[in-house]
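Below: the structure, in structure tokens.
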Amino acid sequence: MIFATNKIYGGNMFASTFLSPLRAGYAALLSFFLLVPMQAMAQTIPDQILDILDEKCSRCHEGAKPKAELNLTEEFVPANLINQPSHQIPEIALIVPGNPERSYLIQKILGTEGIKGKKMPRKGELVTAAELEALKSWIRSMEPQSSPAAVQKAEPQPAFPTLTTGNLPTAEMLPAKTFLYRVAHRFRGSILDAGFDQLYGFDFGSNVMTELTVPLPGGANLSLKRQSIFATFEVAARYRLLQQNPENGAPLSLALYAGFDWASTGNLRDPADTGRTMGRFEGERFAWFAQLPASMRSEKISLLVVPGILVNGNVLIEGEDMLTTLGIAGRLSVNRYLALFGEVVPILSGADTANPVGGVLFDTDGRRIFYDTFVLGLELVKGGHVFHVFVTNSGGNTTGQYMSGANFDVFSGDLRFGFNIYRLIDLP
């Protein structure tokens, strides 16, 4: 058993004692990535302007074939607007820096005499006076000498905004010349059992994982993660095999994610000889996995299917069965910032020898109780960050841990809180 304590507490003694002197440094590192402003992530367009374009324009001007060949989703602004000739009257730029009256975008919104076609937007609510003034002020604030930007071709849109859902890997890759930092927490306490007196599980601390993902030559990504339970390190590579793109007929995105988890704690007993402590690099400490995330995206809904295998996933026994899983996840976009997401990771085979975080549970007749990993949460994309806040029945963060199942029963309402914070940063 990993844990001999009550399931509300979870965790293990090593994680609790070993991490204590590191908490101050960890807090400082987390504060740096969350609070220190970085020029690379600075937003060049005010949120108010992006909101106006998103709400009033992007329903027609998005995707691979936008109206008037003009994509006005966030990643294509300002490159498609500033000093760019309008599709209807090429002699007039969509935005003339410093001069809103000469900008065709403003003329179309106002319905100025001489425009071609109808006043915009043609669908939904009209631009309000306050929104119009905000657009004009933004254009006035630009330097008149702003250089033209090349019109960008509409690129395939990602099905998910980052490299994982709650746990499962997506088929997305890092943008060029960037790296990703992630902090992941799974609180040990049960929401149901802890109640208000123990702040619904927050009082019992959390299993913490940090992650750094960097690009490799040839288009692959390399991830290094460290989790508190058994001082587990995860090293994995990711490579996209196919990207969904309506223009070339690719119906989905497909990637390969493979690597190992290394339980590095020094006091781990040999399952073949419990009187002996295993050497730090013995083979029984390593769990090997491979997953094949496949995703599809529509305007509001994204789906993800992740078949996977896990070999030597239980460090406490010898000769355990290979685990096979079929992770399934979905994401529903609410608006440009918010989305709902969920995932479940059913174990297809090998559950009898799996060891979920929190330990194996048994019923009153001594029969093993086992639960598949489940996550349901809210996603916020804002200011160079992706935030996941969710409930889950699993206390694990690494691939081997969440693939091995959970120790809480979702159908009894037994869940714990968790969160992920991702930050994408440009390489120097």
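Structural remarks
- Number of the exception - LEU415 against (1) hydrophobic (A, V, I, L, M, F, W, C); (2) in contact with a Phe, Trp or Tyr (Cβ under 9 Å, 6 or more places away or on another chain); (3) closer than 30 Å to GLY283 by Cα: (3)
- Test: residue in segment 239-256 that is under 24 Å from VAL357 (Cα atoms) and in a strand (DSSP E or B): no
- Restricting attention to segment 174-219, the residues that are in a loop (DSSP other than H, G, I, E, B), crowded, with 17+ Cβ neighbours inside 10 Å and modelled with pLDDT of 90 or more total 1.
- Among the candidates ASP365, ASP352, residue that is out of contact with any strand residue (DSSP E or B) (no Cβ under 9 Å at 6 or more places or on another chain) and either modelled with pLDDT of 90 or more or under 20 Å from ASP409 (Cβ atoms) (or both): ASP365
- Residue within segment 208-230 that is of a type outside the set (S, T, N, Q), under 24 Å from PRO346 (Cβ atoms) and under 20 Å from the mean Cα position of the chain (by Cα) present: yes
- Meets criteria (part of a loop (DSSP other than H, G, I, E, B), without any contact (Cβ under 8 Å) to a residue 24 or more places away in the chain and assigned by the TED database to the domain that holds VAL334) for ASP414: no
- Only one of the numbered conditions (1) within 13 Å of the chain's Cα centre (by Cα); (2) in a helix (DSSP H, G or I) is violated by PHE390, and that is (2).
The values are calculated or read from the model by the stated rules, or taken from the named source; none is laboratory data. Predicted model only: the values in this text are computed from it and were never measured. Here the Cβ is made from the backbone with ideal geometry for all residues, glycine too, and neighbour counts use every protein chain on show.
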